[in-house]
Structure formats: structure tokens, C-alpha cells
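To start, the structure itself, in C-alpha cells.
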Amino acid sequence: MKVAIMQPYLFPYIGYFQLIGAVDQFVIHDDVQWIKGGWINRNRWLINGDVQYFTFPIAKASSLLPINSRTWADSFDREKKRFLGRLSSSYRKSANFPEAFRLIEQCVNCQQEGVSRYIQCTLEIICRYLCCETPILVSSELDKNNALKGADRVINIVKTLGGDIYINPIGGVQLYDKDDFAVKGVGLTFLQSTARNYAQLMSAEFHDNLSIVDVLMSNSQEAVIEMMNQYTLT
């Protein structure tokens, strides 16, 4: 059985969803320390053809708290409305705007105060739209060895789920060694997205690895489902 483990990312790039679709069980790694400046509460989209960040505000708390203990700021409801307003004004002329806007609006309106659970909700909504049926679990609910760190922790999660193959984004080539996994009975594979370029609104050049928001706005449901399978495993 194939397993993937990733921290919860806000409207992540297409490769994140390809990873979900490539495995039998996908685990949101929510009981590890928050990484400031990462992708948990922000991502990138196009505003008038320029790449810009959007960010959802987090309530102030100790940086030592795990992700599943973090919540949205009091201004979150206001920021969600602002996000949808910017989305509408920036992407209204996109090829798939009406359908994609309804989908993202449904995601934004997920009723979860916790950051991790909120992102899980958004991922599940988008996966259903993309006909991806992979179960999405959270690591904090698994009966695993919480004392382990790094690769040992990953291997333990995979084996806890009965898995024998771990798939990681290609960036993990520098983090994990196949021999370390093999000696413990787990195969290690890396996913490299080969998703095709597509026409982006008001942009003469293609900007890759933008939020799934840009992908959904610019492509039909059928085209994005096709993109889900555009990757290689090494």
C-alpha cells in the first residue's frame, strides 16, 4: 500500500493533489511544529498577470505549538470575504471562472476554526471535484510512536497504516535515503510533476507551481483531472 505524508498547505499547487491521487492513504502531518514562512496559511496566485501572495491570518500563539493547535485570527471572516473579492476581480475573465469560483467559495466557507482541520476540509472538497477518492487522514489521530523524528517518524507512520511504499515530492530527494527506508521494509519513491503549461490570464509567460486556485480558474474540470496524472515516479 502506498502512503504520502505532507503538512497541510493552503490551496497548494497541482503537485500536492497529484501526490494525493498517487497513493492509497494520504496523511496530513498536523502534529509537528509550525513552520513560519511556509505554505500552511499562504500561497501564490496572479493579480493582473503578476505573481502575488495571498495569506490567511493566524491567531498569535507560541511558535512551539504544533500545527493542529493553531487557529485562525479573529479577522479571519473578514479576510475570507476579502480573498473572495480579490479572486472575483482578478479571475472573472478566466476560462473556468463560474464553476471554479463556486468551488473555491465552498472551500473558503468550511466551518473549521483549527487551521489543520480547515485545510483538510478544503483538500477534500477539491479532491471530490477532481474525482480523487484517496482517504485523507491526520497524523495526530494515528496510534504511532510520537517520540520518533525525521525519516524514522515517516517510516513509522507508513507502517502504522500497513503501508510498504512511501511517496514523497521530488524535493525530498535531498532529505531521505532509499536504503534507510528499505532496511525497515518500506520502499521510497519520489513524484515529479510533469503537468503541462496552460494559458494564464493576462500573463505573457507561464508561472509554474502557483496555487491550485490558478489551475482551477484557468482549466476545465476535465483538463485538471487529466493533469492529475501528469507526473513521473522515480
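The values are calculated or read from the model by the stated rules, or taken from the named source; none is laboratory data. Quick caveat, the model's predicted, so the values are computed rather than measured. Please note: Cβ atoms are built from the backbone with ideal geometry, for glycine as well, and neighbour counts cover all protein chains shown. Heads up: the accessible areas ignore ligands, DNA and RNA and are worked out on the full protein's heavy atoms, side chains in. Shrake-Rupley method; radii C 1.70, N 1.55, O 1.52, S 1.80 Å.
Tell me, in nm to one decimal, what length is gained between Asp164 and Ala59 on full extension, where the rule is 0.36 nm per residue of separation less the Cα-Cα distance? Before the final figure, lay out each step's value.
Working: separation 105, 0.36 × 105 = 37.80 nm, distance 3.80 nm.
So the chain would gain 34.0 nm between Asp164 and Ala59.
Let me have the 222 nm mean residue ellipticity of the chain computed from DSSP H runs of 4+ only, each contributing -39500 (n - 2.57), with the sum over all residues rounded to the nearest 500. Working shown, then result.
Numbers: 8 runs with 82 residues, N = 234.
Mean residue ellipticity at 222 nm (helix-derived): -10500 deg cm²/dmol.
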Any idea what Rg and Dmax come out to for region 8-118 if you just take the C-alpha atoms, in Å? 14.8, 43
accessible surface per residue for the chain, probe 1.4 Å, DNA/RNA/ligands not counted, whole Å² -> 48 Å²
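Just want to confirm a number: the relative contact order over the chain, from Cα pairs under 8 angstrom separated by 6+ residues, in percent. Walk me through the numbers before you get to the answer.
Numbers: 385 pairs, mean separation 68.2, N = 234.
Contact order relative to length: 29 percent.
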Where the centre of each part is set by its Cα atoms, how far does region 110-140 sit from region 63-89, in angstrom? 16 Å
Could you please report the charge total around Phe181, scoring K, R as +1 and D, E as -1 over all other residues with beta-carbon less than 11 angstrom from its beta-carbon? -2
Given the protein chains as shown and a 1.4 Å probe, how many square angstrom of Val3 are accessible, to the nearest 10? 0 Å²
Report the residues of region 3-17 in range of a label on Glu79: point 7 Å along Cα→C-beta, backbone N strictly under 20 Å from it. 7-13
Total charge of the residues flanking Cys131 in space, meaning their Cβ is under 15 Å from its Cβ, with Lys and Arg +1 and Asp and Glu -1, is -4
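How high is the FRET efficiency between Gln221 and Ser69 when r is their beta carbon distance and R₀ equals 30 Å, given to the nearest 0.05? Let's see the in-between values first.
Details: r = 36 Å, r/R0 = 1.18.
Rounded to the nearest 0.05, the efficiency is 0.25.
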Residues of region 207-234 with amide nitrogen under 14 Å from the 7 Å Cα-to-Cβ point of Arg102? 221
For helix 150-160, report the angle its Cα long axis makes with the longest principal axis of the Cα atoms of the chain; keep it between 0 and 90° and round to the nearest 10°. 80 degrees
Would you kindly enumerate the cysteines in the chain that have no other Cys beta-carbon under 4.7 Å from their beta-carbon? Cys107, Cys131
Carbon plus sulfur, as percent of the 1.4 Å-probe accessible area of region 141-234, comes to 48 percent
What residue among Ser218, Ser193, Ser63 has the largest mean-square fluctuation in a Gaussian network model of the chain, using Cα springs under 10 Å? Ser63
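Thinking of region 71-192 as a set of Cα atoms, what percent of all their pairs are more than 18 Å apart? Write out the running numbers ahead of the final one.
On the way: 4918 of 7381 pairs.
Of all Cα-Cα pairs in region 71-192, 67 percent lie more than 18 Å apart.
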Mind checking the log10 I(q)/I(0) for the chain at q = 0.11, 0.15 Å⁻¹? Debye, one equal scatterer per Cα, no solvent, two decimals. -0.57, -1.05
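Please go through the residue pairs Lys36/Lys80; Lys60/Lys93; Lys36/Lys149; Lys36/Lys81 and name each one whose alpha carbons sit more than 28 Å apart in this structure.
Details: Lys36/Lys80 21 Å; Lys60/Lys93 37 Å; Lys36/Lys149 19 Å; Lys36/Lys81 24 Å.
Pairs exceeding the cut-off: Lys60/Lys93.
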Ser63: net charge of surrounding residues, Cβ under 11 Å, Lys/Arg +1, Asp/Glu -1, itself excluded? +3
